[in-house]
Amino acid sequence: MSILSYQEKHDKYEKIFSPEKYMGFWNALTLDKEKSDLEVSSGQRTMRFSIRSINDFISLICRRRQNIKFHDLGCGPSVVNMLSAAAFPQITSVEGSDFLSSNLDYLKISINSEGKQGYNYTKIIEFINSMNEQRGHLNLNNYFIPLKDKCLPENFVKYDMSLEDIFCGRKMQWGTYDVVVSTMFLTDAVPSKGHYRNVLRTVNRMLKLGGTFCLLDFLNQSFWTPCIKGMQKLSAVPINLQFLEKSLPATGFEIEEMRVIHHEENKFCNGDKVACVRATKAKDL
Ligand SMILES: C[S@@+](CC[C@H](N)C(=O)[O-])C[C@H]1O[C@@H](n2cnc3c(N)ncnc32)[C@H](O)[C@@H]1O
């Protein structure tokens with residue numbers, strides 16, 4: 001099977017990427033063992049690692065701050081990170097962004113229907129709840145209420161990571177975010193390591209001084225096999241830990257914590273590890 005080059009993939013993405021299939025992939029990989037497709041079940045640990053890391057990260061930040069403005073960069077069609085964030089009373093504004101209108105439309109459907117249309121988040125919510133002692137005020141049925149409150153329709157931003165001006169001229173409130181997260185996304189979204197660093201610079205500009213960035217990404221992957229129509233492979237930028245250890249400080253961040261898990265099998269991407277980094281904006285660039 002051929003691997004689509006970055007440009008081919010970028011130009012065709014809206015046609016080949018299916019939000020429904022991608023979310024089915026989450027279901028299979030994370031929580032629902034019965035529905036789990038054997039072919040991709042090896043990713044289960046990775047998805048759990050992602051949910052748990054983001055939740056731990058948000059818990060930590062919420063112990064230190066109030067009135068938190070939260071952005072999920074490259075959210076895709078998933079409200080997983082946003083659901084986790086919105087359930088914390090300290091987080092008062094939740095945003096998400098991606099370059100595909102179909103993803104953002106799918107997100108809106110999921111939020112407006114409280115997960116009854118689009119993806120059924122029940123299992124994910126159960127998993128998030130099982131990790132968190134602060135959720136006495138919420139139960140499975142009202143998890144979407146704070147999300148709808150904190151995430152207004154204009155909080156979905158369409159933008160393209162690979163461009164210099166990723167927000168495409170949109171008036172951005174630079175320096176106002178307390179938290180930016182980005183999961184399983186950047187190596188897939190940009191054409192080169194140089195572009196990857198540009199995105200880190202953009203995140204630096206978005207954050208307040210002392211604001212926090214949580215980056216979760218695949219290491220050493222050169223292609224990605226998402227649940228897309230036709231199961232084509234898509235090129236990705238291969239990065240390693242040394243790249244992150246150099247690039248984050250060079251773009252104004254201090255690394256606070258780094259966690260890594262290894263893949264047992266590489267069925268859904270060819271990377272061998274997933275890294276999760278918590279970094280603080282230490283200086284303006
Ligand atoms: C693997 S999904 C990750 C989604 C989500 N963060 C998660 O953890 O499930 C990768 C996402 O990257 C987005 N993407 C790919 N290229 C992009 C680009 N140039 N700009 C913005 N988003 C892009 C796709 O639309 C897709 O939703």
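No lab work stands behind these numbers, since they all come straight from the coordinates. Owing to the predicted nature of the structure, the values given are computational and were not obtained by experimental measurement. Neighbour counts run over all protein chains shown; Cβ positions are idealised from the backbone, glycine included.
Take the chain and mark each of the trypsin sites (Lys or Arg not before Pro) that is in a DSSP loop with at most 12 other Cβ atoms within 10 Å; the longest unmarked stretch, sites excluded, is 172-282.
Since only F25, V237, T280 are under comparison, the one whose Cα sits farthest along the positive direction of the charge dipole of the chain, derived from C-beta charges on Lys, Arg, Asp and Glu, is T280. Relative contact order of region 3-281, taken over Cα pairs closer than 8 Å and 6 or more residues apart, is 21 percent. Along the chain, the longest continuous region that contains none of the GluC sites (Glu not before Pro) in a DSSP loop with at most 12 other C-beta atoms within 10 Å is 165-263. For region 142-222, the list of chymotrypsin sites (Phe, Trp or Tyr not before Pro) that fall in a loop by DSSP and count at most 14 other C-beta atoms within 10 angstrom reads W174. Annotation: amide H of G175 within the under-5 Å range of M206, L207, sequence separation 5 or more or interchain, hydrogens built in the peptide plane. Residue separation of I109 and Q242 scaled by 0.36 nm, minus their Cα-Cα distance, works out to 43.9 nm of gained length.
Helix content alone sets the calculated 222 nm mean residue ellipticity of the chain: runs of n ≥ 4 DSSP H residues at -39500 (n - 2.57) each, divided across all residues, give -11500 deg cm²/dmol. Eigenvalues of the alpha-carbon gyration tensor of the chain, scaled by 5 and square-rooted, set the equivalent ellipsoid semi-axes at 25, 24, 19 angstrom, largest first. Placing a label point 7 Å from the Cα of Q66 along the Cα-to-Cβ line, the residues of region 75-106 whose backbone N sits under 15 Å from it are 89-93. A cut-off of 5 Å between modelled amide H atoms, ignoring neighbours fewer than 5 places along the same chain, links I91 with I68.
For H263, nonlocal amide neighbours, meaning residues 5 or more places apart or on other chains whose placed amide H falls under 5 Å from its own, are K273, V274.
If both residues of a DSSP beta bridge must be in region 3-281, then about 50% of such bridges are antiparallel. Only Lys, Arg, Asp and Glu carry charge here, each on its Cβ (+1 for the first two, -1 for the last two); on that basis region 87-219 has a dipole of about 180 debye about its Cα centre.
Where both residues lie in region 91-237, what percent of DSSP beta bridges are antiparallel, nearest 5? Roughly 20 percent of the beta bridges in region 91-237 run antiparallel, per DSSP.
Can you work out the FRET efficiency for the pair Q7 and A250, with r the C-beta to C-beta distance and R0 = 35 Å, to the nearest 0.05? For R0 = 35 Å, the calculated efficiency reads 0.85.
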